[in-house]
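The values are calculated or read from the model by the stated rules, or taken from the named source; none is laboratory data. None of the values given here were measured: they were computed from a predicted structure. Heads up, the Cβs are rebuilt from the backbone with ideal geometry, glycines too, and the neighbour counts pull from every protein chain shown.
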């Protein structure tokens, strides 16, 4: 993998060079045209009608899925580590019951592959840490080590290096039961909470999801608890007599070597840390954790920080009946999805705001009247979810007034820029009976988004200028991306939103456009940070650039069109496997999916390619693969948590994005505000 311009890990393939005086990288003011509404061009006989009927079926299906309160939410499917860690938490706290274990085991067993392993995405390769955690969870549920499916899993784990080769987080869970030694884990002291905000490796150098996880884990690391193991795990070691083999040190002159030696020093500090200082640090960490508990009892609206926060507070003396603990445990139950077969799947988080704004855009662009009761209900619900108090983002932007939206039902500490941009785009499509309320919410969202721009002119998901290269170097942080640098997809959504608000020529918008042009890959695509992958990035950026006034003839747009044409599948759809984050051969390659086909079509339609054979084949693929009830099936994971390391199947993506694409094919591109 190559490095991005901010030093964080990026995708395969180098970033495009910085802007030069070539026609496609002239100053933005030289290429901006007046945005215009494009009318739908005639399609081949029958395809217009086929697309319109498919859109109508999809509208009916999506309207039928709206909650009475106005929101939409599809299941958010990740991998079995969520389910395994839920069982391990309950075992650690002494609250694991047979019914929960049985239902979780039913789901975990159902996800096992023929070779005995578990993958982290549909169709992906077996993954060591996921397989170790799933195996241990099934042992907790009563499966025996000699059962054929368990023996296959254990043999595969041993062949890949055993527990010793698993990620740090997996070994932390095992250390809680004495299956791994705390002394052989990277150290992360709670005194980290005292580092000033300007100091390297202070907690605000980490992305919001990582800091919410790391702060409680510093307490766990300091306490080093061990509960009696209910069974041994010798079968998962390559050499049970030597289960914790030492890891070789990298050269001292390398970054890895430097941080390995820092970790050794922290292990020494663990033994000599002043008791008063350590106690004060753990108390400060506890206050930090409790202050960030949401109204529903969760932390950050995501499962991992909630799990570790509950463990940390429990170790600090909070009993299970304490209101903080009681509500925290209750919030974890709300991550459970109970299936008809009795299986219990744990969602890593829930996506109602994201799903609702995307559904609203899809329905509006497909021709549902702007004052339709479903859209008004959705707007009312989104207005009620606006966050109007500061959160952790204010550490870097202390003078910025709040006014954003989060991803989840409850996450007031961490609104995100991506959701805010899409909510504004959704609200703008609704004719609400109280237009002043809409206008004031949009104004706050636009102001907050502008203020969250990073120094390089782009936008990240949660924080501004969260680009330190140091957190990813820590031996502790091997579980995925732990910083939040700007990305092309988020930047594109903000640029698109600003264009619709008549700010295409605003200086901050122009800087965002310039950054996007410089970030285009030489082969014509853009990297997708929060969706898979280059198809998502390109499907986000092209509509934004066109909305902001770049003509379809612009060289950057033409390169993107050429790339999308080159990676269209023979069946007319588009797909991209998650392995594109690691292997160049997978870029733009994979089985056709409804969501990725829609992303490609959104880019091509924005670029003016409606009458092209490429678009016609893509529209035909969507229509042909639609189910009779108006929905689409999509087992493949097209969402991204951490590139390659953590993947997501958003179950509503397969509904909202195809409808948006069909709607724009039938009705033309949505209107863009003109400069006023």
>> Which of the numbered conditions does residue 482 fail, given that it passes all the others? Conditions: (1) crowded, with 24+ Cβ neighbours inside 10 Å; (2) assigned to a helix (DSSP H, G or I).
In response: (2)
>> Here is a check on your reading of the model: is residue 317 in a loop (DSSP other than H, G, I, E, B), over 23 Å from the mean Cα position of the chain (by Cα), under 28 Å from residue 464 (Cβ atoms) and without any contact (Cβ under 8 Å) to a residue 40 or more places away in the chain?
In response: no
> Among the numbered criteria (1) part of a loop (DSSP other than H, G, I, E, B); (2) at pLDDT 90 or above; (3) out of contact with any helix residue (DSSP H, G or I) (no Cβ under 7 Å at 6 or more places or on another chain), which single criterion is violated by residue 238?
Replying inline: (3)
>> Just the residues that are outside any loop (DSSP other than H, G, I, E, B) and in contact with a strand residue (DSSP E or B) (Cβ under 8 Å, 6 or more places away or on another chain), please, taken from segment 462-479.
In response: 466, 472
> Which of the residues spanning segment 109-133 are surrounded by 20 or more Cβ atoms within 10 Å (Cβ to Cβ), more than 22 Å from the chain's Cα centre (by Cα) and closer than 16 Å to residue 77 by Cα?
Replying inline: 112
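Residue by residue, here is whether (1) under 29 Å from residue 503 (Cβ atoms); (2) under 19 Å from the mean Cα position of the chain (by Cα); (3) modelled with pLDDT under 95 holds:
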position: 576; (1), (2), (3): no, yes, no
position: 597; (1), (2), (3): no, no, no
position: 624; (1), (2), (3): no, no, no
position: 636; (1), (2), (3): no, yes, no
position: 643; (1), (2), (3): no, yes, yes
position: 646; (1), (2), (3): no, yes, yes
position: 656; (1), (2), (3): yes, yes, no
> If you check 99, 143, which single one turns out to be more than 29 Å from the chain's Cα centre (by Cα) and not in a helix (DSSP H, G or I)?
Replying inline: 143
> Hey, does segment 289-297 have a residue that's in contact with a strand residue (DSSP E or B) (Cβ under 8 Å, 6 or more places away or on another chain), part of a helix (DSSP H, G or I) and closer than 22 Å to residue 176 by Cα?
Replying inline: yes
> Does segment 187-231 hold any residues that are touching a residue at least 24 places away in the same chain (Cβ under 8 Å), assigned to a loop (DSSP other than H, G, I, E, B) and more than 26 Å from the chain's Cα centre (by Cα), and which are they?
Replying inline: 187, 189, 224, 225, 226, 227, 228, 229, 230, 231
> What residue, among those in segment 421-435 that are touching a residue at least 40 places away in the same chain (Cβ under 8 Å) and assigned to a helix (DSSP H, G or I), is surrounded by the most Cβ atoms within 10 Å (Cβ to Cβ)?
Replying inline: 423
>> Condition (residue is part of a helix (DSSP H, G or I), in contact with a helix residue (DSSP H, G or I) (Cβ under 6 Å, 6 or more places away or on another chain) and surrounded by fewer than 22 Cβ atoms within 10 Å (Cβ to Cβ)) applied to segment 377-384: is it met by at least one residue?
In response: yes
> Here are 620, 611, 661: which of them is outside any loop (DSSP other than H, G, I, E, B), surrounded by fewer than 20 Cβ atoms within 10 Å (Cβ to Cβ) and touching a residue at least 40 places away in the same chain (Cβ under 8 Å)?
Replying inline: 620
> In the list 331, 351, which residue meets the criterion of being surrounded by 18 or more Cβ atoms within 10 Å (Cβ to Cβ), without any contact (Cβ under 8 Å) to a residue 60 or more places away in the chain and under 22 Å from the mean Cα position of the chain (by Cα)?
Replying inline: 331
>> What are the pairs with Cβ atoms under 6 angstrom where one residue, in segment 641-653, is more than 22 Å from residue 592 (Cβ to Cβ) and the other, located anywhere, is at pLDDT 95 or above and buried (at least 21 other Cβ atoms within 10 Å of the Cβ)? Sequence gap at least six, or different chains.
In response: 641/648
>> Please determine whether any residue of segment 321-328 is part of a helix (DSSP H, G or I), at pLDDT 95 or above and closer than 16 Å to residue 349 by Cβ.
In response: yes
>> Just the residues that are in a helix (DSSP H, G or I) and farther than 10 Å from residue 137 by Cβ, please, taken from segment 76-93.
In response: 82, 89, 90, 92, 93
> Scanning for something part of a helix (DSSP H, G or I) and crowded, with 23+ Cβ neighbours inside 10 Å, does segment 388-407 turn up at least one residue?
Replying inline: yes
> Among 332, 358, 363, which is part of a helix (DSSP H, G or I) and modelled with pLDDT under 95?
Replying inline: 332
>> I'd like the full set of residues that are without any contact (Cβ under 8 Å) to a residue 40 or more places away in the chain and under 20 Å from residue 650 (Cβ atoms), limited to segment 587-608.
In response: 592
> Taking the stated definitions as given, is residue 504 closer than 24 Å to residue 619 by Cβ and either touching a strand residue (DSSP E or B) at 6+ places or on another chain (Cβ under 6 Å) or buried (at least 23 other Cβ atoms within 10 Å of the Cβ) (or both)?
Replying inline: no
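Yes or no, residue by residue, for (1) more than 30 Å from residue 103 (Cβ to Cβ); (2) modelled with pLDDT of 50 or more; (3) crowded, with 17+ Cβ neighbours inside 10 Å:
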site: 2; (1), (2), (3): yes, no, no
site: 13; (1), (2), (3): yes, no, yes
site: 16; (1), (2), (3): yes, no, yes
site: 24; (1), (2), (3): yes, no, yes
site: 34; (1), (2), (3): yes, no, no
site: 46; (1), (2), (3): yes, yes, no
site: 50; (1), (2), (3): yes, yes, yes
site: 68; (1), (2), (3): no, yes, no
